[in-house]
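One structure is given below, encoded as structure tokens.
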Amino acid sequence: MAIPNISPKIYELLGKKILQRQNHPLTILKNKIYEHFQKVYPGVFTMKDDFPQRVSVEDNFVKLLIPDDHPTRFPTDTYFFDKNTVLRTHTTAHDFEMLKNHNAFLIAGDVYRRDEIDAKHYPAFHQLEGARIWNLESLGLSNHNQGKEFALYELKKTIEGVAEEVFGDIEMRWIDAYFPFTEPSLELEVKWQGEWLEALGCGVYHPNVLKNAGKDSNTFGWAFGFGLERWAMKVFDIPDIRLFWSDDKRFTSQFSAEKGLTKFVPFSKYPVCYKDLSFWLPEIFVENDLFEVVRDVGGDLVEKVEKIDEFEKKGKKSRCYRIHYRSMDRSLSNEEIDVLQVRLREIAPEKLGVVLR
Ligand code: FA5
Ligand code: MG
């Protein structure tokens with residue numbers, strides 16, 4: 001996959017500025033979380049959500065100790081403008097700028113990743129980042145272990161406070177996680193449609209990250225990154241992540257800043273249309289490349305892409321993927337989907353090196 005690898009579909013999303021739409025559920029939720037922090041920690045957190053989407057590889061990866069050979073560093077997973085700048089893959093890229101002048105902050109923004117397609121995944125989503133740092137001496141702590149313990153306690157308490165305010169009384173659990181830039185690292189999962197859904201990642205800043213931020217060695221603290229869509233799906237009962245990007249009035253008209261956290265009333269779903277794509281694999285095949293090609297052809301009509309079959313014959317590998325086409329706002333005709341499918345069959349061999357079966 002060559003650089004730059006930002007497709008026209010992604011460029012379209014860059015201009016959507018969803019967090020500036022005051023009556024959009026993601027903005028309503030973001031404001032609710034901001035208000036919670038203002039109420040519980042008056043004047044402590046500085047809020048900023050207008051950072052540019054294009055960030056340096058340094059800020060997004062290097063200073064966060066994400067190694068050169070980590071998959072997220074490759075154009076298979078991340079959108080590159082050029083070899084030194086990317087579409088931010090997380091809001092943590094902005095921590096360095098904020099840490100220059102603030103000891104506690106919240107950042108919200110749209111982030112981009114090449115990813116699978118289904119009700120929970122979309123190549124663009126929103127994160128709400130939070131962080132807080134202290135100085136060991138000013139808290140009367142004598143070493144980093146005490147700092148770590150303090151920060152971890154503070155972090156959990158802070159997040160549980162938000163969760164309680166936003167979700168009320170719900171089932172959730174902490175699990176151990178790994179991020180190169182925090183130690184320890186944790187994830188919070190919440191129950192959604194009977195399944196555990198990963199709602200945020202967080203942890204105690206790795207000392208080298210704070211060093212990269214220009215802080216002295218007595219500094220310590222925590223950071224978190226909420227997946228705003230994941231929380232919003234739970235809070236507003238929104239069943240599909242693609243709805244957040246929809247301009248369908250039947251969706252947008254249901255939410256307002258005034259009404260706050262209300263439940264979404266689903267409108268009837270239009271029928272789904274399945275089309276399969278079978279092919280022999282080339283030497284190197286990356287699923288994310290297929291997802292992107294399908295998305296480029298079908299846009300938001302693609303509800304899901306799933307692998308349904310796989311076999312090997314005389315050393316050749318075959319796969320079959322099922323593409324679920326469905327529109328949010330109208331019935332699709334078989335002819336119209338056939339046009340997309342023909343187009344897909346044209347460009348898949350060219351872009352992916354597969355041989356169609
Ligand atoms: C991160 O992005 C870290 N920057 C979070 C963090 C910040 C950790 C500060 C420590 C300190 P992760 O890739 O797990 O972590 O994403 C964070 C959250 O974003 C996830 O928990 C999930 O809720 C949400 N998320 C991740 N991928 C997607 C996706 N494709 N679609 C929607 N939401 C997603
Ligand atoms: Mg994660």
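The values are calculated or read from the model by the stated rules, or taken from the named source; none is laboratory data. In this text, all values refer to a predicted model and were calculated from it rather than measured experimentally. Don't worry about glycine lacking a Cβ; one is built from the backbone with ideal geometry, like all the others, and counts go over all protein chains shown.
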Can you give me the number of residues within the stretch 16-37 that are aromatic (F, W, Y) and either touching a Ser or Thr at 6+ places or on another chain (Cβ under 8 Å) or surrounded by fewer than 18 Cβ atoms within 10 Å (Cβ to Cβ) (or both)?
-> 1
Got at least one residue in the stretch 246-260 being in the same structural domain as Y178 (by TED's automatic domain parsing), of a type in the set (D, E, K, R) and within 16 Å of ligand 1 (Cβ to nearest atom)?
-> no
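Only one residue in D68, D115 is under 17 Å from the mean Cα position of the chain (by Cα), outside the structural domain of H324 (by TED's automatic domain parsing), among the charged types (D, E, K, R) and outside any helix (DSSP H, G or I), so which one is that?
Working: D68 fails: under 17 Å from the mean Cα position of the chain (by Cα).
Within the list D68, D115, the selection yields D115.
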In the set E183, E154, E165, which member is more than 12 Å from ligand 1 (Cβ to nearest atom), acidic (D, E) and in contact with a His (Cβ under 6 Å, 6 or more places away or on another chain)?
-> E165
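Pick from the stretch 268-314 the residues that are hydrophobic (A, V, I, L, M, F, W, C) and assigned to a strand (DSSP E or B): which of them is nearest to D247 (Cα to Cα)?
Here is the first cut: in the stretch 268-314, the residues hydrophobic (A, V, I, L, M, F, W, C) are 272-273, 277, 279-281, 284-286, 290-291, 293-294, 297, 301-302, 305, 308, 311.
Narrowing further to those that are assigned to a strand (DSSP E or B): 273, 277, 279-280, 302, 305, 308, 311.
Values: C273: 22, L277: 30, F279: 35, W280: 38, V302: 16, V305: 23, I308: 32, F311: 41 Å.
Across the stretch 268-314, the extreme among qualifying residues is V302.
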Scan (1) more than 25 Å from Y205 (Cβ to Cβ); (2) within 18 Å of the chain's Cα centre (by Cα) for the single condition R54 breaks and write down its number.
-> (1)
Leading residue by the ranking (surrounded by the most Cβ atoms within 10 Å (Cβ to Cβ)) among those in the stretch 227-279 that are touching a Pro at 6+ places or on another chain (Cβ under 6 Å) and of a type in the set (F, W, Y) | F255
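For residues that are among the aromatic types (F, W, Y) and within 16 Å of ligand 2 (Cβ to nearest atom), scanning just the stretch 187-212, find the one that is modelled with the lowest pLDDT. I'd like the intermediate steps shown before the answer.
Pass one, the stretch 187-212, residues among the aromatic types (F, W, Y): 192, 196, 205.
In the following step, the residues that additionally are within 16 Å of ligand 2 (Cβ to nearest atom) were identified as 192, 196.
Values: W192: 81, W196: 91.
Out of the qualifying residues, it is W192.
Within the stretch 78-91, does at least one residue satisfy the condition of being in a helix (DSSP H, G or I), touching a Gly at 6+ places or on another chain (Cβ under 9 Å), closer than 30 Å to V302 by Cα and within 16 Å of ligand 2 (Cβ to nearest atom)? So that I can check it myself, show each step before the final result.
So the first thing to find is which residues in the stretch 78-91 are in a helix (DSSP H, G or I), and the list is 91.
Filter again for touching a Gly at 6+ places or on another chain (Cβ under 9 Å), leaving 91.
In the following step, the residues that additionally are closer than 30 Å to V302 by Cα were identified as 91.
Still in the running and within 16 Å of ligand 2 (Cβ to nearest atom): 91.
Yes: the stretch 78-91 contains one or more residues that are in a helix (DSSP H, G or I), touching a Gly at 6+ places or on another chain (Cβ under 9 Å), closer than 30 Å to V302 by Cα and within 16 Å of ligand 2 (Cβ to nearest atom).
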